[in-house]
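The values are calculated or read from the model by the stated rules, or taken from the named source; none is laboratory data. Source: prediction; values computed, not measured. Cβ placement follows ideal geometry from the backbone for every residue including glycine, while neighbour counts extend to all protein chains displayed.
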C-alpha cells in the first residue's frame, strides 16, 4: 500500500514539474532570429578590396564617383538547430545609371565590381568576384530601384 501511494505521489510530482516546464516554454518560446532582407544603394561611393592572397579579400567602402548597390539576406535561424545560420550578400559598383533603366552583361563586368558573398557552415562561404552575370535595373520611384540579378559562379547559377 505504501509503495502504491509513493508511486502515486511521484507521478503527481512528475506531472506537476512537466506541466510547469511546458507552461514556461509556452511563455518563453525558443528565440529565433527572423528572416532579414535589406536592399540599399549609395551614391558617390566605391568598393575597396583588400586582398590577403589571390582568393581571399576584405571589403571596404570609400568616397568615389560611382553608385554601390547592396543586397543583404539572412535566413531565419533557430537556437534548436546547430549551424543553421545562413546569409548572403550581393554588391554592385557601377557608374551612375543614365536614365531610368540599365542592363549589365558579362562584357560589362570588366569595368564593374560585382561581388557575391555567402556566410554559412559550408565549404564555399566567403565573398567571390562574379565573372558572369546579367543584371537589369529599373527606377520605380524617386529613390527606389528594382534590380534583377542572375549571377554565375564556379558552382553554377545563384
**OP:** Would you be able to say whether some residue in the range 71-86 is touching a residue at least 40 places away in the same chain (Cβ under 8 Å), assigned to a loop (DSSP other than H, G, I, E, B) and more than 17 Å from the chain's Cα centre (by Cα)?
**Re:** yes
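Here's a check for you: in the range 136-158, which residue that is within 19 Å of the chain's Cα centre (by Cα) and surrounded by 14 or more Cβ atoms within 10 Å (Cβ to Cβ) is modelled with the lowest pLDDT?
First, pick out the residues of the range 136-158 that are within 19 Å of the chain's Cα centre (by Cα): 146-153, 155-158.
If we keep only those that are surrounded by 14 or more Cβ atoms within 10 Å (Cβ to Cβ) too, we end up with 147, 149, 151-153, 158.
Details: 147: 93, 149: 91, 151: 89, 152: 84, 153: 74, 158: 53.
Ranking the candidates gives 158 first.
Yes/no matrix, rows are residues, columns are (1) at pLDDT 90 or above; (2) assigned to a loop (DSSP other than H, G, I, E, B); (3) at positive phi; (4) in contact with a strand residue (DSSP E or B) (Cβ under 7 Å, 6 or more places away or on another chain):
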residue	(1), (2), (3), (4)
50	no, no, no, yes
68	yes, no, no, yes
124	no, yes, no, yes
133	yes, no, no, yes
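The rows are residues; the columns are (1) modelled with pLDDT of 95 or more; (2) assigned to a loop (DSSP other than H, G, I, E, B); (3) surrounded by fewer than 10 Cβ atoms within 10 Å (Cβ to Cβ).
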residue: 61; (1), (2), (3): no, no, no
residue: 96; (1), (2), (3): no, yes, no
residue: 110; (1), (2), (3): no, no, yes
residue: 114; (1), (2), (3): no, no, no
